[in-house]
Amino acid sequence: MLEKLLHIAKRIGRRRWVSVPAGLVLLFITLNLLFPFHVQPRYSTILTAADGTILHAFLNDRDRWRMVTELDEITPVLRKTILRKEDRYFYFHPGFNPLAMARAAFRNLTTGRRTSGASTITMQVVRLLEPRERTYGSKLIELFRAVQLELFYSKDEILQLYVNLIPYGGNVEGIKSASLLFFGKPPQLLSLAEVTTLTIIPNRPSSLRLGSNNARIVQERNRWLKRFGQAGLFTASEVADALTEPLNAHRRAAPRLAPHLALRLKSQYPDQPVIHTALRPGRQAQVERLVANYVGRIRSLNIHNAAVLVVNNQTMQVEAYVGSADFNDAADGGQVDGVRAVRSPGSTLKPLLYALAFDKGLLTPKTVLNDVPTNFSGYEPENYDRQFNGPVTVEAALANSLNVPAVKVLQQIGTPALVDLLKKAEFETVKKQSKVLGLSMILGGCGVTLEELTRLFAAFANEGRLQPLLYHPPAPSLARRGSAPPLPRTAEPPPPYQGGGRGVVSPEAAFLITNTLTQITRPDLPNNFDNSYHLPRIAWKTGTSYGRRDAWSIGYNRHYTIGVWVGNFSGEGVPELSGANIATPLLFSIFNAVDYNSPKGWFRAPKGLTMRQVCAGTGDVPGDFCEHTIVDYAIGGISPYRRCSHRKAVWTDAAGAVSYCAHCLPDSGAVRRFYPNLAPELIAFYRSRRIPYAEIPPHHPACTRVFARQGPQIVSPNDGSEYFINPHRPQQLQLSCQTENEVRQVYWYVNDRLYRKAAPTEAVFFQPQAGPVKISCADDKGRNTNIRILVRAE
Ligand SMILES: [Zn+2]
Ligand SMILES: [Zn+2]
């Protein structure tokens with residue numbers, strides 16, 4: 001536009017003479033360059049839901065409600081009434097109306113009074129953007145500004161500016177704010193009577209106050225309705241209906257749903273007056289209510305907060321976002337966004353670990369792991385209930401969230417492998433912590449957010465593929481192309497997963513995890529769980545962080561993934577806080593509310609999964625001596641093919657008191673018997689708990705064979721560790737070991753001198769001297785193990 005004007009000016013300038021109009025054009029161009037018009041209406045930020053309703057509105061930076069009305073929200077009725085009332089020739093004048101101005105000037109001269117009848121909508125916009133004292137000088141400036149507006153903006157844009165700037169008394173500005181705050185609806189839904197009401201207020205916003213002078217407003221409204229009728233703007237019956245309509249205007253509170261997401265997106269898009277989200281308004285309100293009521297009930301336990309995220313698995317859109325129980329409760333940190341707060345995950349990462357182990361071909365659901373006291377180089381995890389269960393399947397270990405088997409699996413896989421997978425799944429805090437994370441990370445020794453966990457579990461629901469959470473609706477063109485399926489209105493089963501995203505685990509592993517997490521015979525059902533409680537059909541995992549500071553429960557079915565966190569933002573732990581008893585009831589009630597007419601469809605086993613018979617004792621492929629077999633899943637080409645050796649044949653004498661090997665097997669009288677092939681740690685566990693088990697008889701004392709197999713394993717003290725002793729109050733160190741089945745006797749050596757002869761399970765104590773100490777343990781087969789420790793005086 002500017003270039004065009006300069007071009008015209010040049011053409012005019014080339015002429016010998018300069019006419020008056022051309023001079024005016026040059027003057028305008030110069031003034032326009034000197035005093036450009038910066039039109040920057042400062043709008044309130046509003047957050048809309050998937051259906052366009054306003055979820056949340058903020059005051060603008062001048063503490064005013066000035067919500068932007070989009071062009072398509074200016075209905076024909078609104079346009080007609082405004083133009084009729086304010087500026088009939090709006091679409092025909094250049095920003096000012098010379099005829100009206102002349103008429104007003106004449107009237108001012110003859111009556112000596114000032115009237116404002118000459119103001120066009122354009123000039124009113126100028127005054128609303130840059131208020132000035134009413135002088136003739138101001139009038140000239142406004143005239144200049146009006147021409148600028150007309151040159152650089154379309155008529156529709158100027159009309160839009162007008163409806164967004166007109167005052168409604170107090171701090172309410174613009175049709176949209178007035179419509180929402182006085183009538184509780186968007187401008188498109190206003191009736192003729194309401195539109196007329198809103199067009200008459202701006203001229204006298206202080207005397208015609210909506211909500212307090214409603215009777216006077218109705219009089220004025222009806223006067224204008226009749227005028228519109230006479231002018232033929234509306235039919236007689238339309239006007240007659242509008243005349244009888246009561247005025248229900250009163251000041252309402254601005255919408256305040258999803259306050260945490262609103263703040264988050266506002267800081268992300270500071271210059272965007274309207275932020276469209278994928279939230280579903282009814283769902284958001286419902287979940288906010290459920291969370292507030294639930295936290296109200298558990299407040300007496302000194303538990304004050306909760307956060308919830310509801311994700312649609314098909315679209316990955318976030319349909320509800322609750323950052324805290326009560327945003328306005330400053331005492332309990334209500335403004336903290338619990339969806340993004342970094343917390344300890346407790347046991348919630350275990351499903352990912354087992355999925356990784358399935359994919360690495362280490363385990364299958366029926367693989368047996370030993371849940372026995374284990375010392376991982378000084379780290380001795382306990383279970384939640386402080387009990388150990390002996391041999392358990394992977395399935396049971398995950399469903400019961402046992403700690404020792406999880407740490408063992410992580411040790412086998414290696415912490416870096418799990419860290420890499422979490423990085424791939426975009427766990428931001430884990431990325432930062434990656435160098436310092438150890439085995440304890442699987443029991444909660446790392447930082448995660450509810451958002452990250454919910455996104456991860458949605459990947460389990462989507463064949464192991466991780467996709468970003470969508471906070472905004474897809475662009476309309478995308479929706480039309482069908483890449484994002486629309487929300488199902490009826491209870492039809494959702495379409496199968498369409499692909500996309502990044503595979504963090506295989507579809508097979510994801511299915512196996514889902515299958516395990518769906519089992520309902522498990523201890524993390526709420527204590528008060530009974531048949532009257534409706535249990536949604538979901539897969540879910542609970543978690544409780546160290547010190548009972550965080551309670552988690554994340555669940556999913558094909559439709560939804562819902563993440564629930566309950567705890568205190570202060571980090572205060574509470575004895576009653578647990579994922580099962582505190583977070584899961586809220587998860588269930590939200591699932592029942594959000595997905596009450598859930599379709600019957602459930603996840604189907606992917607093609608890569610096969611079924612096979614395995615030994616019930618180990619989960620391995622049955623060997624020659626296995627008795628009981630059960631059915632297990634296997635991932636084709638991946639799952640381990642280990643032949644079971646859980647029982648072994650041993651030659652003994654007739655009484656079963658002595659065992660033989662091939663060297664010492666007598667020519668007659670020997671009997672072949674089967675004994676369980678137990679790991680030393682399991683034997684130690686059985687012995688310490690006096691659990692009977694079939695023990696292989698001691699080896700033939702006269703045998704000359706050299707035993708080559710594994711020697712005793714020293715479990716205390718820790719090899720390579722430093723121990724501090726107080727010289728004045730010397731403490732004792734415990735010596736303990738684990739041995740094979742047949743071992744009857746061990747010999748403890750300290751610095752190569754025999755210290756004590758003992759039974760394998762016997763606890764032996766000794767008082768160390770400062771300095772390096774070599775400790776050895778030899779068994780009755782002559783096999784020996786050494787460790788070294790360093791003892792320091794404190
Ligand atoms: Zn077996
Ligand atoms: Zn022998």
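Derivation of every value follows stated rules applied to the coordinates shown; laboratory data play no part. If you're wondering where the values come from, they're calculated on a predicted model, not measured in any experiment. Here the Cβ positions follow ideal geometry from the backbone for every residue, glycine too, while neighbour counts run over all protein chains shown.
Taking label points 7 Å from Cα along the Cα-to-Cβ direction, L470 and T30 give a separation of 5.7 nm. For region 362-381, backbone nitrogen atoms closer than 19 Å to the point 7 Å from Q731 Cα along Cα-to-C-beta are found at 375-381.
Counting other Cβ atoms within 10 Å as a rough exposure proxy, the listed residues C777, C446 run C446, C777 from fewest neighbours to most.
Under the convention that each Lys and Arg Cβ holds +1 and each Asp and Glu Cβ holds -1, the size of the dipole of region 58-210 around its Cα centre is about 740 debye.
Would you mind putting 616-629, 401-414 in packing order, based on average other-beta-carbon counts within 10 Å, highest first? Please report the intermediate quantities before stating the final value.
Values: 616-629: 17.3, 401-414: 21.6.
Sorting 616-629, 401-414 by mean packing, highest first, produces 401-414, 616-629.
Candidate cross-link partners of K366 among the lysines, defined by an alpha-carbon separation under 25 Å and a same-chain spacing of 8 or more, comprise K350, K408, K541, K607, K648. Protection proxy ranking, highest mean first, for peptides 297-305, 365-373, 509-517: 509-517, 365-373, 297-305, where packing is the per-residue count of other beta-carbon atoms within 10 Å, averaged.
What does the extension gain come out to for E572 and Q188, with contour length at 0.36 nm per residue minus their alpha carbon separation? Please list the in-between numbers first.
Working: separation 384, 0.36 × 384 = 138.24 nm, distance 4.89 nm.
Fully extending the segment from E572 to Q188 adds 133.4 nm.
To the nearest 0.05, what FRET efficiency results for E380 and A105 with a Förster distance of 60 Å applied to their C-beta separation?
E between E380 and A105, to the nearest 0.05, is 0.05.
Express the Stokes-Einstein translational diffusion coefficient of the chain in µm² s⁻¹, to the nearest whole number, given a Kirkwood radius over alpha-carbon pairs, 20 °C and a viscosity of 1.002 mPa s.
Details: Rh = 33.1 Å.
Once the numbers are plugged in, D ends up at 65 µm²/s.
Stretching the chain fully between E762 and E70 yields a gain of 240.9 nm (0.36 nm per residue, less the alpha carbon separation).
Note on L470, L189: ascending count of other Cβ atoms within 10 Å places them as L189, L470, the fewest first.
For region 13-145, the alpha-carbon radius of gyration amounts to 1.38 times the rule-of-thumb value 2.2 N^0.38 Å expected for a compact globular protein.
Arrange the following residues from fewest to most other Cβ atoms within 10 Å of their Cβ: E86, E173.
Details: E86 18, E173 26.
Lowest count first: E86, E173.
With the highest mean first, a sort of the peptides 572-582, 605-615 on other beta-carbon atoms found within 10 angstrom per residue produces 572-582, 605-615. Look at the dipole of the chain built from charges on Cβ: of L225, A580, Q713, the Cα furthest out on the positive end belongs to L225. Note on M611 and D61: with the Förster distance fixed at 60 Å, the Cβ-Cβ geometry gives a FRET efficiency of about 0.40. Positive end of the dipole of the chain (Cβ unit charges, origin at the Cα centre): among P281, S206, T374, the Cα lying farthest that way belongs to S206. Charge dipole of the chain (Cα centre as origin; +1 on each Lys and Arg Cβ, -1 on each Asp and Glu Cβ, all else neutral): 3220 debye, rounded to the nearest 20. Site pair R297 and R251 shows an inter-label distance of 3.7 nm when each label is modelled 7 Å from Cα along Cα→Cβ. Spin-label model, D752/N718: points 7 Å from Cα along the beta carbon direction are separated by 2.8 nm.
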